[in-house]
Amino acid sequence: HDAFKKRTTREANLETKDLVGALNEQCELRYKGNAHYERREFAEARECYAQALGIMNLVKGKNPFDADECFKNRAACLRNLGAACMGLKLYGEAIEHLSEYLRASPDDARILCRRGRAFVGRGDFAAAERDFAACLRLDPYDAEPHDELARLRDTRRRDRERSRALSRSMFQS
C-alpha cells in the first residue's frame, strides 16, 4: 500500500523562492474563503478552502523551516474546511478534515470541541462525549466543552424520551 501511495501521490519539493508563490496563492484562497465564511456563504468558503488544501497537499518545503510553514498552512486549511463543512451540515466530511488535523495536533481543544459538535450533528453521541471530555482534560476551566456536554446530555435525554414514546405507541396500536 505504501509503495502504491508513493507512486501515485504527486508532491513538489520546492525551494523557498518557489514555495513562496504557492503559499501566497493558498493564503489568498483562504482569505477569500474567510470572507465567504463571515457572510455565511459556506459552500463558497468550502470551495476556496478545498482549493487551498489542494495546493498544500501538493507542495512540500525542502528545508525544516519551509516544511514547518507548509505544515502550519495545511493545518489552517483543514481547520477552516472543517468549519465550512459544519456550516453546510456535512458532518461526516467535517469529521474527516478535523480528524486529519487532530492526528498532527491532538491537543487542540478548540478543534476537539468542533469535531465533538460534528459528531453530535451526525448523531454519534459517544464520540462527541469523548471529544468534549478530552477538551476538559486539556482545559478544565473552558466553559465551551462544559456547555456542549450539558447540551449533549439534554439531547440524549430527549432522544431516549422520543424512543420510549415511539415504542409505547407501537405497542398500544
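The values are calculated or read from the model by the stated rules, or taken from the named source; none is laboratory data. Bear in mind that the values here come from a model prediction, so they are computed numbers and not experimental data. We place every Cβ from the backbone using ideal geometry, glycine too, and count neighbours over all the protein chains shown. Note: areas computed on protein heavy atoms with side chains; ligands, DNA, RNA excluded. Shrake-Rupley method; radii C 1.70, N 1.55, O 1.52, S 1.80 Å.
Scan (1) in contact with a Leu (Cβ under 7 Å, 6 or more places away or on another chain); (2) on the phi > 0 side of the Ramachandran plot for the single condition residue 108 breaks and write down its number.
Among (1) in contact with a Leu (Cβ under 7 Å, 6 or more places away or on another chain); (2) on the phi > 0 side of the Ramachandran plot, residue 108 violates only (2).
Are any residues in segment 45-85 of a type in the set (A, V, I, L, M) and open to solvent by 60 Å² or more (accessible area, probe 1.4 Å), and if so, which ones?
If the condition is that a residue be of a type in the set (A, V, I, L, M) and open to solvent by 60 Å² or more (accessible area, probe 1.4 Å), then 58 is the only one that fits.
Restrict the check to segment 88-101 and report whether at least one residue is in a helix (DSSP H, G or I) and polar (S, T, N, Q).
Looking for residues that are in a helix (DSSP H, G or I) and polar (S, T, N, Q), one finds at least one in segment 88-101, hence yes.
Does residue 62 count as modelled with pLDDT under 95 and in contact with a strand residue (DSSP E or B) (Cβ under 6 Å, 6 or more places away or on another chain)?
yes
Residue-by-condition table, conditions (1) aliphatic (A, V, I, L, M); (2) over 26 Å from residue 137 (Cα atoms):
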{"residue": "26", "(1), (2)": "no, yes"}
{"residue": "46", "(1), (2)": "no, yes"}
{"residue": "70", "(1), (2)": "no, yes"}
{"residue": "79", "(1), (2)": "no, no"}
{"residue": "84", "(1), (2)": "yes, yes"}
{"residue": "101", "(1), (2)": "no, no"}
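From the list 162, 74, which residue is assigned to a helix (DSSP H, G or I), over 30 Å from residue 20 (Cα atoms) and basic (Lys, Arg)?
162 is the lone residue from the list that is assigned to a helix (DSSP H, G or I), over 30 Å from residue 20 (Cα atoms) and basic (Lys, Arg).
Could you give me the residue pairs with C-beta distances under 9 Å whose first residue belongs to segment 115-143 and is closer than 17 Å to residue 98 by Cα and loosely packed, with under 15 Cβ neighbours inside 10 Å, whose second residue is hydroxyl-bearing (Ser, Thr, Tyr) and modelled with pLDDT of 95 or more wherever it lies, and which are 6+ apart or on separate chains?
123/91
Of everything in segment 25-44, what is open to solvent by 80 Å² or more (accessible area, probe 1.4 Å) and part of a helix (DSSP H, G or I)? Give them in sequence order.
Correct list: 25, 28, 31, 32, 37, 38, 44.
Residue-wise test of (1) under 25 Å from residue 76 (Cα atoms); (2) modelled with pLDDT under 95.
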{"residue": "94", "(1), (2)": "yes, no"}
{"residue": "98", "(1), (2)": "yes, no"}
{"residue": "113", "(1), (2)": "yes, no"}
{"residue": "127", "(1), (2)": "yes, no"}
{"residue": "134", "(1), (2)": "yes, no"}
{"residue": "142", "(1), (2)": "yes, yes"}
{"residue": "157", "(1), (2)": "no, yes"}
{"residue": "164", "(1), (2)": "no, yes"}
{"residue": "172", "(1), (2)": "no, yes"}
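If I go through segment 91-114 residue by residue, how many of them are buried (at least 18 other Cβ atoms within 10 Å of the Cβ) and hydroxyl-bearing (Ser, Thr, Tyr)?
Residues in segment 91-114 being buried (at least 18 other Cβ atoms within 10 Å of the Cβ) and hydroxyl-bearing (Ser, Thr, Tyr): 2 in total.
Which pairs do you get when a residue that is at pLDDT below 75, found in segment 8-22, comes within reach of a residue that is in a loop (DSSP other than H, G, I, E, B), reach meaning Cβ atoms under 9 angstrom, with the pair 6+ apart or on two chains?
What qualifies is 13/62; 14/62.
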